[in-house]
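S.K.: One structure coming up, written as structure tokens, with questions to follow.
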Amino acid sequence: MVSSDVQSGGLRSRVVHRPVSTQEVQALIRDARSRKIPLHPLSTGLNWGYGTAADIPKGVELVDLSGMRRILNANEISQKNPVAVVEPGVSQGQLAEFLRVHHPGLMFNVTGSARDTSLIGNALDRGVGYFGPRREDLFGLEVVTGAGAIVRTGFRRLGEESPLAHCHPFGLGPMLDGLFFQANFGIVTSACFKLLPRPARQIAVSIALRNERDLPQFIEILAALKRERIMGTVTHIGNRARTRASLMHGIVNYLETHCSVRPADLIREAEGVLEIVAPDQWTSLGGIAGTRAQVRAAFTEVRSRLRGIARVMDIDDGKLNFGYGLFNAFKIIRWARANAAAIAAIRPLHGLASGVPTDVAIDNLLWKFGRPDLPAQDLDQTRCGILFISPALPMDGHFVAKTVEEMSARAKDFGHQLFVTINIETENSMVAVTNILFDRSDVSACANAKACANALHELIRSRKLEVYRARVDMMDKIVSADSEYWRTIRQLKEVLDPDHIISPGHYNLA
């Protein structure tokens, strides 16, 4: 039997269903159709900044899929069969631990979000991982459509016993997989998720731009390195605000735990550390993997191309361990203490390159908003308000630099600092993951943040751009009845979800 209850969500109570099988999801949809009540699925509900349970419109019942957390083919995964068939409740932390114990030679495309975030949920909303777009990791979907039918895409339609079911991503005939990414046609109950062989050698490449005026050229060089597959991972280019926010809590924790810095002095001391280790306006982090010879040659090429405009450093576990041991031993010296604190903060972020997810990004927010005692999954219980406005961008350094400059200036008009990461995610395009932070317990701060986010979106569209992921509250701004594209999507909705049961208005005309 499916579990359902009524929970308090924000200022209102709402019905939450907790199915544990595909059949129970199918039964829920049939029941919702008979009652003419809409449903909205949540994988683990940790889609911070884009829309969590609290952001779903009133009158919509929630389908909490976190209880569906099986790795369905756990006994079949191997180096020769690097695919995990997962349910929507399987988190990246759960899969990472499973692989660590059972298949240490395998890893996967980890995102910088928390360990408890859903693999399927993030991929379906086209999240970006360390190695590339998550949408490319997912295939062979099992979906319960809004009409109540179970559809399996690709060669999963042949049955789980078919030798093609979990390995061939395309199938035969039109590919239906894409219909269920950023869509509201059904509820995905399982999918094939690609795993990766752990390379013989992998390093992170940390790059600091010497002069902000060279940002367009910096982007162009890194884009070329991506196109030529010299740096095969997603290359992240973060502004000063993003870099410092990523390191701050780790530095404070080191100073408090290992240096006995008084609470009253922690922030001042941590800011001093950042002035030493992160003084630059823009820094980049990417990765190189392969044989030792391949990694050495690629890193030499990266350093050569960036000579004169950036400082380039290779990072691996050995260097981090040695550096930390050395600097920590001499932490009485200010410069050594600063470097030990920085390494302590960098370590969990470096683990992303090895397929190890971390809660560090959310821990920084919990600390910033005064709740470092809470686990990452409880971020919604704090005052932390976060809104993402993330445009897709062409592979053009001057255009991207100008766009980010204008967005930062527009945010400043509203009193906000814009946190920016430019991700070079494919050989032909990039995205800018940008966000503002605010105190959501303050009504005026919420209104100001919403106005700022709307202004940033208007700026993006004035440059003939669009966001690559949309928040729940901005659907009416991205869809239009005047667009043949959105009218076609509405027609697909009529076929797959004729009663409009699944997430009305989500990436679709309401």
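The values are calculated or read from the model by the stated rules, or taken from the named source; none is laboratory data. The structure displayed is predicted, hence computed values, not measured ones. Note: ideal-geometry Cβ built from the backbone for every residue, glycine included; neighbour counts use all protein chains shown. To get the accessible areas, we keep the full protein, side chains included, count just its heavy atoms, and leave off ligands, DNA and RNA. Shrake-Rupley method; radii C 1.70, N 1.55, O 1.52, S 1.80 Å.
S.K.: Give the long-range amide H neighbours of residue 196: residues separated by 5 or more places, or on another chain, with amide H under 5 Å away, using H modelled in the peptide plane at 1.01 Å from N.
M.R.: 107, 108
S.K.: Continuing with this model, one more query. Note down, for region 67-172, the three equivalent ellipsoid semi-axes (square root of 5 times each alpha carbon gyration tensor eigenvalue), biggest first, whole angstrom.
M.R.: Computed over region 67-172, the values are 22, 17, 13 Å.
S.K.: May I ask you to list the residues of region 369-403 whose amide nitrogen lies under 12 Å from a point 7 Å from Cα along the Cα→beta-carbon direction of residue 267?
M.R.: Under cut-off, by backbone N: 369-370.
S.K.: Could you tell me how far the Cα centroid of region 17-54 sits from the Cα centroid of region 151-204, in Å?
M.R.: One Cα centre to the other: 22 Å.
S.K.: Something else now. Regarding region 130-175, what are the three Cα extents along the principal axes, ordered largest first, in Å?
M.R.: Per principal axis, max minus min of the Cα coordinates gives 35, 27, 19 Å.
S.K.: What's log10 of I(q)/I(0) for region 306-388 at q = 0.12, 0.20 Å⁻¹, Debye sum over Cα points only, no solvent?
M.R.: -0.53, -0.99
S.K.: Got a number for the accessible area of residue 249? Probe 1.4 Å, square angstrom, nearest 10.
M.R.: Near enough 40 Å² of accessible area.
S.K.: Is region 84-242 rounded, prolate or oblate when judged by the Cα gyration tensor, a ≥ b ≥ c being the square roots of its eigenvalues, rounded requiring a/c under 1.5 and prolate requiring a/b larger than b/c?
M.R.: prolate
S.K.: Amide H to amide H under 5 Å from residue 467: which residues, 5+ apart in sequence or cross-chain, H placed 1.01 Å off N in plane?
M.R.: Amide H to amide H, under 5 Å and 5 or more residues apart or across chains, residue 467 pairs with 392.
S.K.: Please give the direction-averaged projected area of the C-alpha convex hull for region 352-426, in square nanometres with one decimal.
M.R.: The Cα convex hull of region 352-426, projected and averaged over all directions, gives 6.8 nm².
S.K.: Also, quick follow-up: Solvent-accessible area per residue for the chain at a 1.4 Å probe radius, Å²?
M.R.: 44
S.K.: Mind ranking 362, 37 by accessible surface for me, highest first, 1.4 Å probe?
M.R.: Result, largest first: 37, 362.
S.K.: Oh, and also: Can you pull the one-decimal nm distance between simple spin-label points at residue 312 and residue 55, each 7 Å off the Cα toward Cβ?
M.R.: 3.8
S.K.: A follow-up question, please. What are the radius of gyration and Dmax of region 101-156, computed over its Cα atoms and given in Å?
M.R.: 13.7, 41
S.K.: Ok, one more. Taking every pair of Cα atoms in region 441-497, average 1/r, invert it to obtain the Kirkwood radius, and report Rg/Rh to two decimals.
M.R.: On the Cα set of region 441-497, Rg over Rh gives 1.09.
S.K.: How do 229, 292 stack up against each other in accessible area, from largest to smallest, with a 1.4 angstrom probe?
M.R.: Sorted by accessible area, descending: 229, 292.
S.K.: Tell me the trypsin sites (Lys or Arg not before Pro) within region 142-183 that lie in a loop according to DSSP and have at most 15 other beta-carbon atoms within 10 Å.
M.R.: none
S.K.: Indicate the gyration tensor shape class of region 269-335 (rounded, prolate or oblate), computed on the Cα atoms with a ≥ b ≥ c the square roots of the eigenvalues: a/c under 1.5 is rounded; otherwise a/b larger than b/c is prolate and the rest oblate.
M.R.: Oblate shape, in that a/c is at least 1.5 and b/c is the bigger or equal ratio.
S.K.: Hey, another quick one. Give a residue-ordered list of calculated ³J(HN,Hα) values for region 69-86 (Karplus: 6.51 cos²θ - 1.76 cosθ + 1.60, θ = phi - 60°; whole Hz; x for Gly, Pro).
M.R.: Listing the rounded values in order: 10, 9, 8, 5, 10, 3, 7, 9, 5, 7, 4, 7, 10, x, 9, 10, 8, 10 Hz.
S.K.: Where Rh denotes the Kirkwood radius from the mean inverse Cα pair distance, what is Rg over Rh for region 232-378?
M.R.: Result: Rg/Rh = 0.98.
S.K.: For region 336-483, what % of the accessible area comes from carbon and sulfur atoms, probe 1.4 Å?
M.R.: Heavy-atom surface of region 336-483 belonging to carbon and sulfur, 1.4 Å probe: 51 percent.
S.K.: Take residue 229 and residue 455, extend 7 Å from each Cα along the Cα→Cβ direction, and tell me the distance between the two endpoints in nm.
M.R.: Calculated label separation equals 4.5 nm.
S.K.: Mind listing the phi-derived Karplus ³J(HN,Hα) values for region 54-61, rounded to whole Hz, using 6.51, -1.76 and 1.60 with θ = phi - 60°, and x for any glycine or proline?
M.R.: Result, ordered by residue: 5, 9, 6, x, 4, x, 9, 7 Hz.
S.K.: Which ³J(HN,Hα) values, rounded to whole Hz and listed in residue order, are derived for region 340-349 from phi using the Karplus coefficients 6.51, -1.76 and 1.60 in 6.51 cos²θ - 1.76 cosθ + 1.60 with θ = phi - 60°, glycine and proline given as x?
M.R.: 5, 5, 5, 5, 4, 6, 6, 3, x, 5
S.K.: Ok, one more. How big is region 156-232 along each principal axis, measuring the range of its Cα positions in Å and listing the largest first?
M.R.: Taking max minus min along each principal axis of the Cα atoms, region 156-232 gives 56, 36, 22 Å.
S.K.: With the crude spin-label approximation of a point 7 Å out along Cα→Cβ, what separation in nm comes out for residue 36 versus residue 484?
M.R.: 3.5
S.K.: Let me check I have the definition right: for the chain, take the eigenvalues of the Cα gyration tensor, multiply each by 5, take square roots. What are those semi-axes in whole Å, largest first?
M.R.: They are 37, 27, 24 Å, listed from largest to smallest.
S.K.: To continue, here is another question. Does region 394-474 come out rounded, prolate or oblate by the C-alpha gyration tensor, with a ≥ b ≥ c the root eigenvalues, rounded set by a/c under 1.5 and, if not, prolate when a/b is larger than b/c and oblate if not?
M.R.: prolate
S.K.: What would the Debye equation give as log₁₀ I(q)/I(0) for region 361-510 at q = 0.18 Å⁻¹, counting only Cα atoms as equal point scatterers?
M.R.: Calculated log10 I(q)/I(0) at the listed q: -1.14.
S.K.: Using only the heavy atoms of the protein chains and a 1.4 Å probe, how would 335, 48 rank by accessible area, largest first?
M.R.: Accessible-area ranking of 335, 48, largest first: 335, 48.
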